[in-house]
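Heads up: the structure comes next, in structure tokens.
The values are calculated or read from the model by the stated rules, or taken from the named source; none is laboratory data. Source: prediction; values computed, not measured. Methodologically, a virtual Cβ is constructed for each residue, glycine included, from the backbone with ideal geometry; neighbour enumeration extends over all protein chains shown.
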Amino acid sequence: MTPRASNPWPDTMPTVPEDWRGWLCANTARALLERLSPETKWVVECGTWTGCSARWIVENGPNTMLICIDTWQGSPEHHTNPDWACRLPTLYETCQRNLWPWRDRIVMLRRDSLVGLCEVFAAGIVPDLIYLDSKHTVGRVAAELAVCAELFPTAAIVGDDYNNAAVAKAADEHAKLMNRTLVNCRDAFAFDRRTA
């Protein structure tokens, strides 16, 4: 069964208010745009929140199908910030509400990122681009990069928050370990697509 078939959208749009308070800085958007084209078929996003970056990806990748992987339960920093924590109970429904106009091009996997990436692989989907913006710990970013390298070795990767010390450490170590050129995009990092 495909991720889309096993993760259908609801029949009606959730009745929560539209809420686009989220993140996509200019440098990250630029890094994504440089790796999106009309030929981009599949993008996988790990960490979606309210869907700001997801909307941006489908609007700038005209023929792209997007798989959003997120628990929609928030990371530790979201639980300790009152403004973010109060949004967590309906975060998933808010994201669905926000992305409703693009539901024919977006699959939402309510999973841990590592589980979701394995599910994408099991479905036989080969993403052209993977966008990482989930938990900002060395261990999590390193694990996501390792899984992406193993399952999707030709995919381009863009990661947000390269200005975060933990994210930068994991990305830099992955580049050395895999002998892969890391592109420093200031607030983001990137590994360009490789041929098979």
Would it be correct to say that P82 is of a type outside the set (K, R) and either under 26 Å from A155 (Cα atoms) or buried (at least 22 other Cβ atoms within 10 Å of the Cβ) (or both)? no
Assuming E18 fulfils every condition listed in (1) more than 15 Å from the chain's Cα centre (by Cα); (2) at pLDDT 95 or above apart from one, which condition is it? (2)
Pairs only if they're at least six apart or on different chains, beta carbon under 7 angstrom, first in segment 138-159 and at positive phi and of a type in the set (D, E), second buried (at least 24 other Cβ atoms within 10 Å of the Cβ) and at pLDDT below 95; list them, first residue then second. none
Which ones in segment 63-73 are surrounded by fewer than 18 Cβ atoms within 10 Å (Cβ to Cβ) and in contact with a Leu (Cβ under 9 Å, 6 or more places away or on another chain)? Q73
Per-region count, segment 21-49, residues crowded, with 17+ Cβ neighbours inside 10 Å, modelled with pLDDT of 95 or more and either assigned to a loop (DSSP other than H, G, I, E, B) or of a type in the set (K, R) (or both): 5
